[in-house]
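Below: one structure, written as structure tokens.
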Amino acid sequence: MFQLDGNPIAFSKGDSILQAAHKAGYYIPHLCFHPDFKAHGSCRLCVVDVKGKTVSACTQPAEDKLEVYSDTAELRQSRLRLIQLLFAEGNHYCPSCEVSGNCQLQALAYDLGMTHYHYDPFSPLRQQDGSHSQLFIDQDRCIQCDLCGRASQEQDLKSVYLLAGRGQDTHLAFRSHNGQLGSTNASMDDRAAHICPVGCILPKAGNYPDIAGERLYDKIPIHTQGNHRRDEGGQDEP
Amino acid sequence: MNHSVPARKVRVATCSLAGCFGCHMSFLDMDEAIVPLIETIEFDRSPLTDIKTVSQCDIGLVEGGLCNEENREVLHQFRQHCTYLVAVGACAINGGVPAMRNHFSLQECLEESYLNGIGVVDAQIPSDPELPALLPKVTPLQTEVKIDFFLPGCPPPAAAFLELIQAVLENREPQLNYTIRRFD
Ligand code: SF4
Ligand code: SF4
Ligand code: SF4
């Protein structure tokens with residue numbers, strides 16, 4: 001057992017703090033963590049305080065008698081700044097985005113009370129890719145969480161999607177001779193095609209299915225219903 | 001609830017820069033809530049009054065981002081004259097849909113619109129000196145001046161405008177609850 005904001009959480013050997021909290025039904029904000037895949041520790045939204053240090057809950061092993069704090073004013077502020085930075089680093093035009101209302105980045109921004117970017121927009125120039133017959137890639141919205149890369153490698157056993165470059169040049173790439181998604185063996189049926197927490201990997205057909213007001217996060221905040229995609233049909237995630 | 005009329009009406013100026021007037025329409029979309037509001041606010045420069053210059057105001061509501069030199073000039077006038085300058089809507093906050101032109105150079109945009117676009121007749125890029133010069137990129141208001149409050153949304157719902165005005169009347173920060181804190 002450890003304590004999360006004063007609540008006792010049971011865990012199995014090898015669980016991270018986030019995994020254990022997740023199984024126990026407690027929400028710690030996150031974007032790059034997914035219970036089906038290895039932790040990536042890159043989005044840093046799951047920061048928690050443990051023994052006076054701030055660590056990411058998805059990579060920190062759960063330990064008996066730990067006192068973990070997640071819901072503090074300081075951590076909420078850090079998370080808000082991280083989300084604002086993610087918005088400023090990409091090009092996020094929610095009013096015209098296919099996943100608006102069903103987007104985990106936007107849902108966390110709503111939940112953390114974000115009204116604006118705080119940082120000046122970087123306005124990066126990113127390559128779009130419409131070369132695949134059924135999938136479209138809008139890199140403007142990529143938050144480089146590598147969930148597609150992990151799903152492609154660990155579940156689809158294909159390694160189609162990957163992150164290339166370093167620092168500010170980090171970008172989504174596709175393993176093919178010409179670097180285009182259309183030249184890979186990516187399929188609509190891949191798990192990787194249905195894992196993106198934002199609106200970067202999109203089906204070419206069937207977008208905008210819901211009217212505003214009836215989308216995933218229109219009424220119920222992400223901290224109560226968890227990280228979901230519309231096409232998941234509601235998983236068990238808190 | 002206290003309905004007492006404040007000693008002095010709150011003076012509000014509004015303008016649309018690189019916006020579509022959708023935010024202004026939403027402001028007016030408050031149905032009967034607009035009736036008590038008339039008791040508490042009065043308009044200065046605004047497309048609603050047709051007053052052309054801004055004088056000292058409590059609230060400046062600015063819709064749209066910055067796409068040309070005139071936008072910048074108007075924004076600075078608003079900043080000088082308004083106690084609380086409010087970025088209203090997605091365009092004012094991050095450039096919004098007009099900022100999607102930032103993927104291209106200004107010259108490419110002009111050529112597409114006025115020379116090579118579908119259905120263009122008498123192709124020429126407008127060069128009348130009366131026309132405000134376009135900025136190379138569309139930018140949000142916060143890159144130019146200090147913004148006091150932000151109303152997200154495309155457009156922000158009428159309830160968000162009401163909350164903003166109520167907050168200023170009560171001398172507190174506006175609190176947008178979950179359902180009126182929208183980016184689309
Ligand atoms: S991916 Fe999410 S945050 Fe980005 S534009 Fe789309 S809805 Fe907005
Ligand atoms: S495409 Fe989506 S899943 Fe892949 S790294 Fe970008 S945001 Fe993450
Ligand atoms: S935020 Fe939306 S409604 Fe407001 S000016 Fe921009 S496009 Fe129009």
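The values are calculated or read from the model by the stated rules, or taken from the named source; none is laboratory data. Model, not experiment: these values are computed from the prediction. Here Cβ is always computed from backbone atoms with ideal geometry, including for glycine, and neighbour counts include all displayed protein chains. Please note that ligands, DNA and RNA were not included when accessible areas were found on the heavy atoms of the full protein model with its side chains. Shrake-Rupley method; radii C 1.70, N 1.55, O 1.52, S 1.80 Å.
The one condition from (1) within 15 Å of ligand 2 (Cβ to nearest atom); (2) within 30 Å of A:GLY25 (Cβ to Cβ); (3) part of a helix (DSSP H, G or I) that A:CYS145 does not meet is (3). Identify, please: which residue in the range B:29-46 is closer than 14 Å to B:GLN166 by Cβ and surrounded by 14 or more Cβ atoms within 10 Å (Cβ to Cβ) and is, among those, modelled with the highest pLDDT? Applying the filter and picking the extreme gives B:ILE41. All conditions in (1) free of Cβ contacts under 8 Å to residues at least 60 places away in the same chain; (2) open to solvent by 10 Å² or more (accessible area, probe 1.4 Å); (3) under 23 Å from B:LEU151 (Cβ atoms) hold for A:PHE122, with the sole exception of (3).
Restricted to the range B:27-85, the set of strands (runs of 3 or more DSSP E) holding at least 2 residues that are within 22 Å of B:ALA158 (Cβ to Cβ) comprises B:41-43, B:57-63.
Count of the range B:32-50 residues, restricted to those that are touching a residue at least 12 places away in the same chain (Cβ under 8 Å) and more than 14 Å from the chain's Cα centre (by Cα), is 9.
Being at the interface with chain B (Cβ under 10 Å from one of its Cβ atoms) and open to solvent by 20 Å² or more (accessible area, probe 1.4 Å) is the filter here; which residues of the range A:74-93 pass it?
The one that is at the interface with chain B (Cβ under 10 Å from one of its Cβ atoms) and open to solvent by 20 Å² or more (accessible area, probe 1.4 Å): A:TYR93.
For B:VAL86, the conditions (1) more than 16 Å from ligand 3 (Cβ to nearest atom); (2) within 25 Å of B:SER26 (Cβ to Cβ); (3) among the aliphatic types (A, V, I, L, M) are fulfilled apart from (1). Identify, please: which residue in the range A:127-175 is open to solvent by 50 Å² or more (accessible area, probe 1.4 Å) and within 14 Å of chain B (Cβ to nearest Cβ) and is, among those, modelled with the lowest pLDDT? Across the range A:127-175, the extreme among qualifying residues is A:GLN127. Of everything in the range A:98-128, what is assigned to a loop (DSSP other than H, G, I, E, B), within 13 Å of ligand 2 (Cβ to nearest atom) and touching a Cys at 6+ places or on another chain (Cβ under 8 Å)? Give them in sequence order. Result: A:CYS103, A:ARG126.
If the condition is being open to solvent by less than 20 Å² (accessible area, probe 1.4 Å) and under 17 Å from A:LYS219 (Cβ atoms), then the range B:153-175 contributes B:GLY153, B:ALA160.
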